[in-house]
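A quick write-up on the structure given underneath.
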Amino acid sequence: MYKIKKRGAASPKPPVLYDVVEDYTEFDAPGNVTACAMTQPENVSAHARILSESYQIPIEIMTDLLTNGGIYVYPASGSLVTRGLFACRIDPAGAVPKQTWVLNVTQYAEAEQLARSYGLTLEEAAARVFDRTLPPELKEKIQDGTLGRDKSTGPKGGKTPGAPIQYIDFRKDWSPHFKRLCIMPDGRMMETGGLEEFASLHGITVEQSRTLLEQGGTLEADGEILACQIVNGQPSVARFNRAQYAKAKALVESKGLHLMDALSEVGLNDPGMMRALRRLEPRGKT
């Protein structure tokens, strides 16, 4: 039997930042995003605090970005550029909602090249690079104002009927404001909404959670093991108990498999975990 660390006293609920959430993580990378939007007036201080924590940007800079728009280029680590940029775009005419997103290193390099070639600002180049990666359906919804709505029946996500979207955060991180699933050894699907909740569930540190979910791979936890595969830029997580882990290690020894491949084989031959996968497929989640 596997053991899960019991949760402590309930922590304060995070502020409500989104009342519309649409999942496009199955779209081809790098356009595989979750569109998180709000129809209520923006709470800039709360919004800035959460995004500052999510993207490791000083809160004063994030507050300025959310107020005035602009970009933040992540500093280089030594002589290497290891991260791209964060952008907040505000349409002066108000024709489209405020939008925030992150460009990875490759996209950042593409934006710099586009800016030099066509005499654009880096901010405008970043917007063009990002926009052309988005799923066509999502771009259409943003342009015609139907994000979070069913065209035939009206609003499906916003709390205020007919209220326009105030801002959209295009997110890829493990945010506390929407749930992601983990397959447990007995086939249960456990939802967690953020690094802290994920760490608490599995009895590991927040930093261990961040590394696992950003880079993929395996991590031992109380004699059991967590396995994370990055699929289209999104983490897919399963936990294996001691017996399942032992079977995987035996496969590594007998067949010369990589541990991740051995765990996959164990999961595919486990009836409980396979039932969980079959339940998961119609939801389009990984």
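The values are calculated or read from the model by the stated rules, or taken from the named source; none is laboratory data. Computed from a predicted structure; not experimentally measured. Counting neighbours? That spans all protein chains shown, and the Cβs are built from the backbone with ideal geometry, glycine included.
Among K247, K179, which is touching a strand residue (DSSP E or B) at 6+ places or on another chain (Cβ under 9 Å) and modelled with pLDDT under 90?
Step by step, each of K247, K179 is checked, and only K179 is touching a strand residue (DSSP E or B) at 6+ places or on another chain (Cβ under 9 Å) and modelled with pLDDT under 90.
Within the range 1-44, track down each residue that is among the aliphatic types (A, V, I, L, M), in contact with a helix residue (DSSP H, G or I) (Cβ under 9 Å, 6 or more places away or on another chain) and modelled with pLDDT under 90.
M1, I4, V16, L17
Report, by residue number, each residue of the range 111-136 that is aliphatic (A, V, I, L, M), within 17 Å of D169 (Cα to Cα) and outside any helix (DSSP H, G or I). Can you show your working first?
Pass one, the range 111-136, residues aliphatic (A, V, I, L, M): 111, 114-115, 120, 122, 125-127, 129, 134.
Next cut, within 17 Å of D169 (Cα to Cα) only: 126-127, 129, 134.
Within the range 111-136, just L134 meets the criteria.
Looking at this structure, is R171 at pLDDT 90 or above and closer than 19 Å to V21 by Cα?
Numbers: at pLDDT 90 or above: yes; closer than 19 Å to V21 by Cα: yes.
So R171 fits the description; yes.
Based on what the data block shows, is L219 farther than 30 Å from A95 by Cα, modelled with pLDDT of 85 or more and either of a type in the set (K, R) or assigned to a helix (DSSP H, G or I) (or both)?
It is false that L219 is farther than 30 Å from A95 by Cα, modelled with pLDDT of 85 or more and either of a type in the set (K, R) or assigned to a helix (DSSP H, G or I) (or both).
May I ask you to list pairs of residues, at least six apart or on different chains, whose Cβ atoms are under 7 Å apart, with the first in the range 123-137 being without any contact (Cβ under 8 Å) to a residue 40 or more places away in the chain and under 14 Å from F86 (Cα atoms) and the second being crowded, with 17+ Cβ neighbours inside 10 Å and acidic (D, E)?
Pairs that qualify, where the first residue is without any contact (Cβ under 8 Å) to a residue 40 or more places away in the chain and under 14 Å from F86 (Cα atoms) and the partner is crowded, with 17+ Cβ neighbours inside 10 Å and acidic (D, E), are V129/E110.
Could you check, for the range 76-85, whether at least one of its residues is surrounded by fewer than 18 Cβ atoms within 10 Å (Cβ to Cβ) and in a helix (DSSP H, G or I)?
The answer is no, given that none of the residues of the range 76-85 is surrounded by fewer than 18 Cβ atoms within 10 Å (Cβ to Cβ) and in a helix (DSSP H, G or I).
Which of the following residues is in contact with a helix residue (DSSP H, G or I) (Cβ under 8 Å, 6 or more places away or on another chain) and outside any helix (DSSP H, G or I): Y72, Y108?
On inspection, the qualifying residue turns out to be Y72.
Looking at the range 225-237 only, could you name the residues that are more than 15 Å from R210 (Cα to Cα) and at pLDDT 95 or above?
Within the range 225-237, just I225 meets the criteria.
Would you be able to say whether some residue in the range 246-255 is touching a residue at least 12 places away in the same chain (Cβ under 8 Å), touching a Gly at 6+ places or on another chain (Cβ under 8 Å) and surrounded by fewer than 20 Cβ atoms within 10 Å (Cβ to Cβ)?
No; the residues of the range 246-255 include none that is touching a residue at least 12 places away in the same chain (Cβ under 8 Å), touching a Gly at 6+ places or on another chain (Cβ under 8 Å) and surrounded by fewer than 20 Cβ atoms within 10 Å (Cβ to Cβ).
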